[in-house]
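Undergrad: Below: one structure in structure tokens.
Read the figures in this text as sums done on the coordinates, not as results from a lab. These figures come from a predicted structure and were not determined experimentally. So basically every Cβ, Gly included, is an ideal-geometry build from the backbone, and we count neighbours across all protein chains shown.
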Amino acid sequence: MCFITLLRHEGIHLRQQLELLVLPFYVLYIVNYLYNLFRYGNHRQAYRQIIFEREAYRHESDGQYLHRRQFWAWVRSESGSRVKSQESRVKSQESRVKSQESRVKSQESRVKSQESRS
């Protein structure tokens, strides 16, 4: 992570702290980490899934993010990521279905071609 990216990342955390008046930020941060640690079973994933970290990592490369960031964006960021995750799963399932349909059509055409030869 380059220095500028690190500054942006920590700048996002500063904004989050100001919104929550500092102490509640740390309480929520620790509670969310412990919940994630129980849920995922490892430190790295628990840390990356902290709601504040998700927003910071998602926008750390955007130099203009803090200028247009909305109040309590970490809340919207969390619910938005769930929607995106669900949309991603649906697209993946649709892709698998199309692939299966393609295989079935291919098999049908092979069977038809074999029947026409006989």
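Undergrad: Where does the charge balance sit around Leu66 when Lys and Arg score +1, Asp and Glu -1, over other residues with C-beta under 10 Å from its C-beta?
TA: Residues close to Leu66 contribute a combined charge of +3.
Undergrad: Highest GNM mean-square fluctuation, the chain, Cα pairs closer than 10 Å: which of His67, His13, His59?
TA: Of His67, His13, His59, the Gaussian network model singles out His67 as fluctuating most.
Undergrad: Hey, another quick one. Run lengths n ≥ 4 of DSSP H only: what is the helix-derived mean residue ellipticity at 222 nm for the chain, with -39500 (n - 2.57) per run over all residues, to the nearest 500?
TA: -28000 deg cm²/dmol
Undergrad: Regarding the chain, what's the average projected area of the Cα-atom convex hull, expressed in nm²?
TA: 11.6 nm²
Undergrad: Diagonalise the Cα gyration tensor of region 13-58 and give the resulting equivalent ellipsoid semi-axes, square root of 5 times each eigenvalue, largest first, whole Å.
TA: That gives 20, 12, 5 Å for the three semi-axes.
Undergrad: While we're looking at this one, here's another question. Calculated FRET efficiency, Arg96 and Tyr26, Cβ-Cβ r, R0 41 Å, to nearest 0.05?
TA: 0.45
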